[in-house]
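Structure first, then comments.
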Amino acid sequence: MHAKWIIGASLAALALYLVLRPDEPPAPPPEKPEPDLFAFVRSMEGTRPDGKVTVAAGEKLVVDAELGHLFDYYLAGLGEKPLAAIRSQIEAELDKRLSAAPAREAKRLLAAYLAYRQALAGAEQALPAQADAATAARARLQAMRGLRGNYFTPEESAGLFGASDAHDDDAVARMAILGDATLDEAQRQQKLAALDQLLSPAQRAARDAPMKVAQLDASVQALRAQGGGENEVYRLRASTFTPAAAARLAELDREESQWQQRIIAYQAARAQQASLAGGAQDPAALQQLRDASFTPEEQRRLGAYE
């Protein structure tokens, strides 16, 4: 899971964009969910590791952003697992996916990546305070890139970080334009439009994805309001993205429906429990009800329903 630190989109839009990755080949809808796809840390249960690690001719590891995505997916579990356990898990995943020679190279890069991340944390703490967000972001980018030469070759840096660097440069440039008080609105829009022209097709697709998702969601709601069934919803989603993405969204719909049914049953049991107690809610009995219905991780979501 590869997080952007400069400009955060909403978590919901990001989650949907990851679900709707356009680069995946079509796949038939799954007949049933695959439980416990990944249980290394509980917060990621049911997810699949990011990163399509590949090997070129001659058993040569392809060093690209996908390799970094794999590292970051597991590193997101810090706090639930110690770093040593996470590193061991990544190495085990590399051994599972790769033959001996490229696996050794990937593990070498993993060690360099971890050392780089640790050094970056120290460098960030030493950065002086800046007057505006764009200047602070630019200083952090310079610190990041200045450190990489200590851990990676130029080719490795370009492969691992090239795509994110392009995104970050664009984000910082937009921050500077938006924060420039000397520009009027017309000048600001002109400068932003000039940046738009510099975007690659991949960058433009990533930027437009949240809006495309929002438009699809509105279309799905309208279709259902008109009496459209799940087959019609699937076809609409598949025509907008891919059949594989439509299948994943259908599975999310089923999971959300099941969750809502469980919430309704819990609320009814909670109300009955309070009624039997004369309107008072016994904390111990309520916790027993929660424990019987939800895992500890799921209970963190209950506040919105109580």
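Out of all the residues in region 102-140, which are aliphatic (A, V, I, L, M) and at pLDDT 95 or above? Reasoning before the result, please.
Applying the first criterion (aliphatic (A, V, I, L, M)) to region 102-140 yields 103, 106, 109-112, 114-115, 119-121, 123, 126-127, 129, 131, 133-134, 136-137, 139.
Passing the criteria: Ala103, Ala106, Leu109, Leu110, Ala111, Ala112, Leu114, Ala115.
Scan Gln203, Gln261, Gln189 and give me the residue that is modelled with pLDDT of 90 or more, closer than 30 Å to Ala163 by Cβ and of a type outside the set (D, E, K, R). Even if it seems obvious, please write down each step before you answer.
On the way: Gln203 fails: modelled with pLDDT of 90 or more; Gln261 fails: closer than 30 Å to Ala163 by Cβ.
Answer to the check: Gln189.
Given Ala265, Ala274, which one is in contact with a helix residue (DSSP H, G or I) (Cβ under 8 Å, 6 or more places away or on another chain) and aliphatic (A, V, I, L, M)?
Ala265
Taking Tyr151 as meeting all but one of (1) modelled with pLDDT of 90 or more; (2) surrounded by 15 or more Cβ atoms within 10 Å (Cβ to Cβ); (3) in a helix (DSSP H, G or I), write down the number of the exception.
Exception for Tyr151: condition (3).
Can you go through Gln203, Gln142, Gln197 and tell me which one is surrounded by fewer than 16 Cβ atoms within 10 Å (Cβ to Cβ), in contact (Cβ under 8 Å) with a residue 24 or more places away in the chain and of a type outside the set (Phe, Trp, Tyr)?
So the residue among Gln203, Gln142, Gln197 that is surrounded by fewer than 16 Cβ atoms within 10 Å (Cβ to Cβ), in contact (Cβ under 8 Å) with a residue 24 or more places away in the chain and of a type outside the set (Phe, Trp, Tyr) is Gln203.
Can you name the residue in region 55-89 that is outside any helix (DSSP H, G or I) and of a type in the set (D, E, K, R) and, of all such residues, is nearest to Phe152 (Cα to Cα)? Walk me through how you get there before you give the answer.
Initially, region 55-89 is screened for residues outside any helix (DSSP H, G or I), giving 55-64, 76-82.
Retained after the next criterion (residues that are of a type in the set (D, E, K, R)): 59-60, 64, 80-81.
Values: Glu59: 20, Lys60: 17, Asp64: 12, Glu80: 28, Lys81: 27 Å.
Ranking the candidates gives Asp64 first.
With the condition kept exactly as written, say whether any residue in region 177-194 is touching a residue at least 24 places away in the same chain (Cβ under 8 Å) and touching a Phe, Trp or Tyr at 6+ places or on another chain (Cβ under 9 Å).
no
Identify, from the list Glu93, Glu155, Glu124, Glu105, the residue that is among the acidic types (Asp, Glu), more than 23 Å from Arg204 (Cβ to Cβ) and without any contact (Cβ under 8 Å) to a residue 40 or more places away in the chain.
Working: Glu93 fails: without any contact (Cβ under 8 Å) to a residue 40 or more places away in the chain; Glu155 fails: without any contact (Cβ under 8 Å) to a residue 40 or more places away in the chain; Glu105 fails: without any contact (Cβ under 8 Å) to a residue 40 or more places away in the chain.
Unique residue meeting the criteria: Glu124.
Pick from region 98-135 the residues that are aliphatic (A, V, I, L, M) and part of a loop (DSSP other than H, G, I, E, B): which of them is farthest from Phe71 (Cα to Cα)?
To start, the set of residues in region 98-135 that are aliphatic (A, V, I, L, M) comprises 98, 100-101, 103, 106, 109-112, 114-115, 119-121, 123, 126-127, 129, 131, 133-134.
In the following step, the residues that additionally are part of a loop (DSSP other than H, G, I, E, B) were identified as 98, 126-127, 129, 131.
Numbers: Leu98: 15, Ala126: 25, Leu127: 26, Ala129: 30, Ala131: 33 Å.
Top of the filtered list is Ala131.
When both residues are 6+ apart or on different chains and their Cβ atoms are under 9 Å apart, which pairs have a first residue that lies in region 266-281 and is outside the structural domain of Arg301 (by TED's automatic domain parsing), and a second that is surrounded by 13 or more Cβ atoms within 10 Å (Cβ to Cβ) and charged (D, E, K, R)?
Short answer, once both residue conditions are applied: none.
The values are calculated or read from the model by the stated rules, or taken from the named source; none is laboratory data. Note that the structure is a prediction, hence the values are computed from the model and not measured. Here the Cβ is made from the backbone with ideal geometry for all residues, glycine too, and neighbour counts use every protein chain on show.
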